[in-house]
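Remarks on the structure that follows.
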Amino acid sequence: MEETLEKPEKPVSRKKPKMTFESKGRTVYYQLQDKIFKYFALAATSLGLIVLVLLLYSVFSSGFDRLDWDFITSLPSKRAAKAGIYTAWTGTLWIMFLTTIIAFPIGVSAGIYLEEYSSRSRMSNLIEINIANLAGVPSIIYGLLGLEVFARFLNLGASVLTGSLTLALLILPIIIVSTREAIKTVPYTLREASFALGASKWQTIWNQVLPASVPGIITGVILAISRAIGETAPLIVIGALTYVPFAPTSPMDEFTVMPIQIFNWVSRPQKAFAENAAAAIIVLLSITFVMNAIAVYLRHRSQKKVKW
């Protein structure tokens, strides 16, 4: 039997569909939308930067000449020429230090539990919703809570410890959320590889997950503390003083912080006190910028060490 040879099929020619007038118009419309949004975003960013530059110029031009060693090391005074910020910046450092050692372990531990150990249930969902809601609660509410619980119920008074505990509650939701988001970025294959080598869950978290998520955790913690530095309402509510003639030497001492000192000087009509306030703002901005620079440096350094 003779085999019949099949003729090869001719390749089907695929012509590009012609663009109709309607599709061309829609494409041009979308491109125009993209350009409008691009320039709108650029204008909004430029406006924000311009306002920031103007504010910084106003502050530096008013307070830069007032900055000297005596201003930093002098106690507050009723005379603007002799007034300093020694008690204010030492109180701020005390608050920052205690708030960090209180909020950091609790917030990171809570984030690890919710992300690694907590099972999906109604209770865990309720906790997550409450944490998200607490991040948006006005700061003065935390001040009222700190006044009732720490200052009155625990009888800690208007002390540095009361202020630190109150601000720790304020920034805990931010630290928990940033910890969870940092842990989520770690690939699950890293955990599987650790389990395959016989490591327990805690060994995997401690030796693999946490080192890989350190950049995000540290960044979130430092940014949260930077927010706590500028808070004034909670500390005023718990009884922080506007005039303190001594620097705190223990967690139970009375205190003031730089935002309260700045508010006190700004509320006075004399121009010299306004210059003092501008100088204090420069110092507070410097502390904040240094902390943010440390966060960027630690994040960059940790990212170099992490290799997945």
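Restricting to the stretch 237-272, name every residue that is farther than 14 Å from residue 92 by Cα and assigned to a helix (DSSP H, G or I). Hits for the stretch 237-272 are 237, 238, 263, 264, 265, 266, 271, 272.
Determine, yes or no, whether residue 210 is in a helix (DSSP H, G or I) and either of a type in the set (Lys, Arg) or assigned by TED's automatic domain parsing to the domain that holds residue 241 (or both). Spelling it out, residue 210 is indeed in a helix (DSSP H, G or I) and either of a type in the set (Lys, Arg) or assigned by TED's automatic domain parsing to the domain that holds residue 241 (or both). Condition first: out of contact with any strand residue (DSSP E or B) (no Cβ under 6 Å at 6 or more places or on another chain), crowded, with 16+ Cβ neighbours inside 10 Å and either within 30 Å of residue 270 (Cβ to Cβ) or among the polar types (S, T, N, Q) (or both). Can you find one or more residues in the stretch 112-129 that meet it? Checking the stretch 112-129: not a single residue is out of contact with any strand residue (DSSP E or B) (no Cβ under 6 Å at 6 or more places or on another chain), crowded, with 16+ Cβ neighbours inside 10 Å and either within 30 Å of residue 270 (Cβ to Cβ) or among the polar types (S, T, N, Q) (or both).
Within the option set 266, 244, 214, 257, being over 18 Å from residue 150 (Cα atoms), of a type in the set (A, V, I, L, M) and over 27 Å from the mean Cα position of the chain (by Cα) holds for one residue only, 244. Taking the condition loosely packed, with under 14 Cβ neighbours inside 10 Å and either at positive phi or in contact (Cβ under 8 Å) with a residue 60 or more places away in the chain (or both), does residue 229 pass? In short, no. Here residue 149 passes the criteria (1) surrounded by fewer than 15 Cβ atoms within 10 Å (Cβ to Cβ); (2) without any contact (Cβ under 8 Å) to a residue 24 or more places away in the chain; (3) of a type in the set (A, V, I, L, M, F, W, C) except the one numbered (1).
Listed here are the residues, each with its yes/no results for (1) of a type outside the set (Asp, Glu); (2) surrounded by fewer than 11 Cβ atoms within 10 Å (Cβ to Cβ); (3) in a helix (DSSP H, G or I); (4) modelled with pLDDT of 75 or more.
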{"residue": "8", "(1), (2), (3), (4)": "yes, yes, no, no"}
{"residue": "11", "(1), (2), (3), (4)": "yes, yes, no, no"}
{"residue": "28", "(1), (2), (3), (4)": "yes, yes, yes, yes"}
{"residue": "39", "(1), (2), (3), (4)": "yes, yes, yes, yes"}
{"residue": "42", "(1), (2), (3), (4)": "yes, yes, yes, yes"}
{"residue": "46", "(1), (2), (3), (4)": "yes, yes, yes, yes"}
{"residue": "62", "(1), (2), (3), (4)": "yes, no, yes, yes"}
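Considering only the stretch 43-61, I want to know if a residue exists there that is β-branched (Val, Ile, Thr) and more than 22 Å from the chain's Cα centre (by Cα). Yes. For the stretch 289-306, the criterion of being out of contact with any strand residue (DSSP E or B) (no Cβ under 7 Å at 6 or more places or on another chain), under 16 Å from residue 88 (Cβ atoms) and assigned by TED's automatic domain parsing to the domain that holds residue 89 is met by none of the residues.
The values are calculated or read from the model by the stated rules, or taken from the named source; none is laboratory data. Only a predicted model underlies this, so the values are computations on that prediction, with no experimental measurement involved. With ideal geometry, Cβ positions are generated from the backbone for all residues, glycine too; neighbour counts draw on all protein chains shown.
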